[in-house]
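Taken together, the values in this text are just the output of simple stated rules run on the coordinates, not laboratory data. Since the model is a prediction, treat every value here as computed from it, not as a measurement. Glycine gets a Cβ as well: all are built from the backbone with ideal geometry, and neighbour counts include every protein chain shown.
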Amino acid sequence: MENIDPFLRHGLFDAKVPRYTSYPPANHFQNDVGHRRQSEWLSCVESDESVSIYVHIPFCKRLCWFCACRTQGTQTMRTVDAYVQTLLKEISAVRATLPKTITMGRLHLGGGTPTILSPKTMKRLLSAIFDAFDPSNDFEFSVEIDPTEASEPLLQTLIDFGMNRASIGVQDFAPEVQAAIGRLQSLEETTAVLDFLRSAGLQAINLDLLYGLPFQTEESFRQTLAHVIDMNPDRLAIYGYAHVPWMSKRQVLIKAETLPDTKQRFELANIAHDTMRDAGFAAIGIDHFAKPTDSLYKSNKAGELRRNFQGYTDDQSETLIGFGASAISRFRGGYQQNAVATSAYQDRVSIEGFAAHKGYEMSDTDTLISAMIEELMCRFHFPTRELQTRFPEHAHLIRQTSIALMSRYTDVFNINSTGLEMRPETYALVRIVAHYIDAFNSSEVAHAAAI
Ligand SMILES: C[S@@+](CC[C@H](N)C(=O)[O-])C[C@H]1O[C@@H](n2cnc3c(N)ncnc32)[C@H](O)[C@@H]1O
Ligand code: SF4
């Protein structure tokens with residue numbers, strides 16, 4: 001194990017900090033802010049902008065015990081079809097408020113399980129989206145796929161509509177781990193989905209894995225990684241399992257005593273890092289890995305990596321419009337989140353066309369802190385000079401922050417001509433460093449372990 005002294009000193013193994021997929025984190029959104037601002041923010045989108053679209057499908061046939069995503073179990077397609085009907089209304093109401101000439105740079109279907117839709121319902125949804133938004137020239141259409149809930153006709157429908165990136169949930173292949181997280185998924189069914197997609201011409205494949213799962217050992221995790229390397233994905237997300245049963249009730253089915261402790265988690269994260277590097281993947285940010293041919297790798301190399309609600313992205317769009325229950329939109333002026341419960345979402349859309357219930361209006365200082373945190377999370381860098389050029393009215397605050405970071409984290413940062421650079425061996429501390437400059441000092445109870 002590498003030298004863990006800096007990690008002990010800065011509380012890596014005890015800290016509970018946000019993942020900073022947004023700043024401020026979503027638990028700081030306030031009631032009705034989004035609702036008041038939604039029409040205004042939508043109409044302020046620039047007329048030549050290429051926006052990103054996210055559509056949330058909050059349904060699954062099975063509810064995996066580990067899962068912290070906003071989703072609900074359903075066995076009947078009637079509920080799903082009625083929800084899609086509501087989505088169509090929301091898309092139409094939102095589109096009517098946006099400038100006519102915008103294009104769609106990204107479309108991401110997430111969940112839950114988007115592949116639960118029947119091919120017919122998926123066609124209805126995608127036809128409405130493509131009627132409403134013209135794709136831009138470099139359009140990317142990605143979908144989260146549960147290999148145990150993805151029929152070939154449904155996958156073919158997605159391909160026919162131009163899906164060009166698939167994000168496939170794996171988590172872990174060890175049978176004991178799968179049993180303990182309530183998610184059985186064989187190597188064969190995962191490979192069958194990959195083979196189908198590749199034979200249909202899809203090039204870009206992401207796999208999602210988790211470390212820190214119950215009964216996961218170094219040996220079992222190495223075995224999972226070996227299977228994954230055989231599957232030859234272009235990109236991997238290897239997240240630390242967030243055990244937050246106070247937020248995600250089904251996680252009570254996972255006994256805390258079966259989980260690796262924080263030092264074992266750290267070791268598993270290191271194994272992931274070393275194994276993927278040896279297999280020809282570059283580490284991107286704190287939890288992604290990509291081959292040199294993948295767009296995330298290229299974006300990272302060009303210094304253009306961004307952070308959004310899906311984690312790391314090469315998407316440069318300033319505007320993200322989320323449709324569906326709990327979906328979050330990001331505008332220049334702030335964030336807006338739709339009603340979280342499916343029934344509340346459907347009620348709002350049927351009455352108002354829109355479903356915003358919470359949000360956050362960014363002040364100038366929030367925008368600055370958000371930029372500082374994104375620089376740290378994406379580039380492990382605090383670019384003092386560049387930030388002062390971007391935010392001249394805050395030059396003094398930026399300098400003060402840089403001095404405070406350097407004096408608190410002398411063993412983490414090096415100073416260079418552009419600002420402060422984290423030492424590569426300390427990258428695991430980045431969320432803790434970001435939390436230090438987080439004006440909210442987001443309360444510990446709301447978040448998961450820092451590693
Ligand atoms: C919204 S889920 C959708 C995946 C899709 N339904 C499936 O089952 O394959 C997307 C990803 O979130 C990650 N995720 C879910 N719960 C998590 C947790 N408690 N901690 C960390 N990551 C989690 C998993 O890696 C999962 O693949
Ligand atoms: S991991 Fe996927 S299938 Fe399992 S509960 Fe979460 S969203 Fe549903």
Exercise for the section: Name the long-range amide H neighbours of residue 240: under 5 Å, sequence gap of 5 or more, or other chain; modelled H, no Pro or chain starts. Expected result: 211
Handout entry: Only Lys, Arg (+1) and Asp, Glu (-1) charged, at Cβ; the chain dipole about Cα centre in debye
Key = 800
Exercise for the section: Take the alpha carbon gyration tensor of segment 1-149, find the square roots of its eigenvalues, order them as a ≥ b ≥ c, and report rounded if a/c is under 1.5; if not, report prolate when a/b exceeds b/c, else oblate. Expected result: oblate
Problem - Relative contact order (%) - segment 364-449, alpha-carbon pairs under 8 angstrom, separation at least six - result: 32
Handout entry: Computed magnitude of the charge dipole of segment 364-449 (debye, nearest 20; Cβ of K, R +1, Cβ of D, E -1)
Key = 220
Fill in the blank from the handout: The simple spin-label model distance between residue 279 and residue 9, using points 7 Å out along Cα→Cβ, in nm, is 3.4
Fill in the blank from the handout: Dividing the helical contributions, -39500 (n - 2.57) per DSSP H run of n ≥ 4, by the residues of the chain yields a 222 nm value, nearest 500 deg cm²/dmol, of -12000 deg cm²/dmol
Completion exercise
Expressed in Å to one decimal, the Kirkwood Rh of segment 149-277 from all distinct alpha-carbon pairs is 15.7
Practice task
State, to one decimal in nm², a quarter of the convex hull surface area for the C-alpha atoms of segment 45-330, i.e. the direction-averaged projected area.
Solution key: 14.5
Practice task
State which entries of 89/120; 16/263; 61/249; 263/291 exceed 22 angstrom in Cα-Cα distance in the structure shown.
Solution key: 263/291
Completion exercise
Long-range amide H partners of residue 107, meaning residues 5 or more apart or on another chain whose placed amide H is closer than 5 Å, are 53, 140, 141, 142
Practice task
Label segment 364-449 by shape, choosing from rounded, prolate and oblate, from the square roots a ≥ b ≥ c of the eigenvalues of the Cα gyration tensor; if a/c is under 1.5 it is rounded, and otherwise prolate applies when a/b is larger than b/c, oblate when it is not.
Solution key: oblate
